[in-house]
Structure formats: structure tokens, C-alpha cells
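Notes follow the structure.
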Amino acid sequence: GTLASTDPDAGDSFTYSLVSGAGSTDNSKFTITGNTLKAAEAFDFETKSSYKIRIQTRDAAGLSFQKEFTLTIANVNEAPTAIALSNATISENNAIDASIGTLASTDPDAGDSFTYSLVSGAGSTDNSKFTLSGNTLGAKDIFDFEAKSSYKIRIQTTDAGGLSFQKTLSISITDVNETPSAMAITKSNLYESNTINQVVGALSTTDQDAGDSHTYSLVSGTGSTDNAAFNVSGNQIRASQ
């Protein structure tokens with residue numbers, strides 16, 4: 001702003017300066033050029049919202065007057081600076097619309113509110129596999145760890161003033177142990193006059209979980225009529241008689 005002085009002497013001239021004394025706490029943050037008060041640094045409302053300075057006016061004859069001023073920093077809406085997801089993993093075989101995690105924004109403006117959206121751009125490859133409801137990220141598909149274990153999405157947060165920030169997030173799919181789906185035997189012919197514990201064949205299992213290990217046993221149920229004639233050792237079926 002510009003400074004002006006009140007003086008009984010009409011037409012007098014004045015010089016202005018920042019002086020020490022009561023209320024001069026923040027003098028170093030400002031400068032005076034002629035009768036113009038200027039900022040000596042960039043202010044941040046969130047850090048400090050008001051400053052106190054002490055100014056002296058001196059007339060042409062050298063007489064002076066001092067006054068303390070309080071300067072207020074006006075708040076300006078600033079863009080969000082970060083997005084965080086409370087949880088970035090979901091187990092495979094999930095339910096449709098299962099919640100994954102909640103989103104939160106970092107913003108210099110305390111108490112601001114935010115809306116979230118999936119947006120196109122770098123890292124938005126898998127946006128179509130997910131949903132957003134308020135600040136909750138949900139699953140739009142049933143995920144299968146064995147098919148794909150990691151997805152990328154791009155999310156935008158927009159504050160109440162319309163300023164926004166975008167970030168790419170990675171969502172990991174957690175493997176869940178799944179039931180074997182089939183069993184096979186390499187050889188199923190057995191000739192008479194065999195020896196006890198002669199190998200009939202080797203068992204193998206079809207399982208979605210790559211690298212899983214399996215144990216085998218003879219069990220009762222449909223088709224178990226002749227179980228007693230055989231035994232299992234590791235993955236081998238052997239003759240017991």
C-alpha cells in the first residue's frame with residue numbers, strides 16, 4: 001500500500017522508514033520505497049496470517065511521528081499436492097464392488113474438501129477395472145492373481161476451489177490358495193502276476209496355483225470299491241496284492 005501523513009503544515013513533504021520499537025516485530029519482512037510499502041518475501045497464510053511493523057514519518061524540518069501497523073495476509077486457494085490410498089492390495093476372487101481402500105489428499109489449505117475421479121493419462125491403463133464412490137476405491141472386476149498380479153490407475157483429486165492434482169497408483173492382487181481342479185495318472189494298466197508294491201502309475205494334479213505341491217491318499221466314496229488292493233507312496237499308485 002501507499003503511506004500518507006497528517007501534518008498541520010500544509011504542503012509539507014515526508015520521508016518514511018521502518019523503525020524499531022513497540023510493534024516492530026516483523027519489520028524485516030517488508031521494505032519501503034518512497035511512500036510505498038512492499039513485501040520483502042513471499043508470504044504463506046497457512047504459516048502466518050498477520051504481521052506487525054512500526055513506521056516513522058519525518059517531515060522536511062526533521063520532526064517525526066511513529067505508528068504501529070498490523071498487516072493481514074489474505075488466504076488464496078492452493079492446489080492439492082499429493083494423493084494417498086489407505087490400502088493398495090486386494091485378494092483375488094474378490095466380490096464385484098469390493099472396497100480396496102480410501103483416498104486422502106494433501107493440501108496447504110486446512111479444512112479443504114475434495115472430489116476424486118479416474119482420469120486418462122500416464123498410468124491410466126487399468127482405470128476400467130476399478131470404481132470410485134466418494135473417496136473409496138472399489139473393484140469393478142473379479143481379479144485373478146495367476147492372470148495378472150498388478151494394475152495401474154490414474155486418480156485426480158479436485159479441491160473445493162477447482163484446483164487439482166493427479167497421481168498414478170499401483171494396485172496389487174494378492175494370491176489366494178485355490179482348490180486343485182483335476183488329477184491324472186500316467187499309466188493305468190496292471191498285469192496279473194505282478195509283484196507287491198509294483199508301480200501302477202504316477203499321479204499329477206492340475207492347479208491354478210503355479211508351483212504348488214500336492215499329497216495324495218486313497219479315500220472312501222464313489223468308486224472306492226477296490227482301494228484296499230492299492231496303496232499310495234508319494235505320487236505313485238502301487239499294487240498291494
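Taking all protein chains as they are arranged and a probe of 1.4 Å, the heavy atoms of Ile171 leave approximately 0 Å² accessible to solvent.
In this rough spin-label picture, where each label sits 7 Å from Cα along the Cβ direction, the Ala84-Ser24 distance is 4.4 nm. Histogrammed with a bin width of 5 Å, the alpha carbon distances of the range 1-132 distribute as 2, 8, 13, 13, 10, 8, 7, 6, 6, 6, 6, 5, 5, 3, 2, 1, 1, 0 percent, first bin at zero. Histogrammed with a bin width of 10 Å, the alpha carbon distances of the range 103-177 distribute as 18, 46, 26, 9, 1 percent, first bin at zero. Proximity of backbone amide H atoms, modeled 1.01 Å from N, is registered between Thr131 and Gly138, Ala139, Lys140 at under 5 Å, excluding neighbours fewer than 5 places apart on the same chain.
Each 5 Å bin from 0 upward holds the following percent of the Cα-Cα pairs of the chain: 1, 5, 9, 9, 7, 6, 5, 5, 5, 6, 6, 5, 5, 4, 3, 3, 2, 2, 2, 2, 2, 2, 1, 1, 1, 0, 0, 0. A 1.4 Å probe, protein heavy atoms only, puts the accessible area of Phe30 near 20 Å². Surface composition of the chain: carbon and sulfur atoms hold 50% of the protein heavy-atom accessible area at a 1.4 Å probe.
With the biggest extent put first, the Cα atoms of the range 1-62 measure 44, 21, 15 Å across the principal axes. Excluding same-chain neighbours fewer than eight residues apart, the lysines reachable from Lys38 by a Cα-Cα span under 16 Å are Lys29, Lys52. Within the range 29-77, the proportion of Cα pairs with more than 13 Å between them is 66 percent. Scanning the chain for GluC sites (Glu not before Pro) lying in DSSP loops with no more than 10 further Cβ atoms inside 10 Å, the longest uninterrupted stretch between such sites is 42-191.
Using alpha carbons only, the radius of gyration of the range 134-210 set against its Kirkwood radius gives Rg/Rh = 1.42.
Starting from a Cα-only point model with no solvent, please compute log10 I(q)/I(0) by Debye for the range 189-241 at q = 0.24 1/Å. Normalising to I(0) and taking log10 leaves -0.99.
Give, in nm to one decimal, the length gained when the segment between Ala182 and Lys148 is fully stretched (0.36 nm per residue of separation minus the Cα-Cα distance).
Extra length from Ala182 to Lys148 when fully extended: 10.0 nm.
Rounded to the nearest 20, the Cβ-based charge dipole of the range 33-140 about its Cα centre (Lys and Arg +1, Asp and Glu -1) stands at 480 debye.
Ordering Ala88, Gly138, Gly121 by the projection of their Cα atoms onto the charge dipole of the chain, which places +1 on the Cβ of Lys and Arg and -1 on the Cβ of Asp and Glu, puts Gly121 at the extreme positive end.
The values are calculated or read from the model by the stated rules, or taken from the named source; none is laboratory data. Because the structure is a prediction, the values reported are computed rather than measured. Heads up, the Cβs are rebuilt from the backbone with ideal geometry, glycines too, and the neighbour counts pull from every protein chain shown. For accessibility, only protein heavy atoms count, side chains too; no ligands or nucleic acids. Shrake-Rupley method; radii C 1.70, N 1.55, O 1.52, S 1.80 Å.
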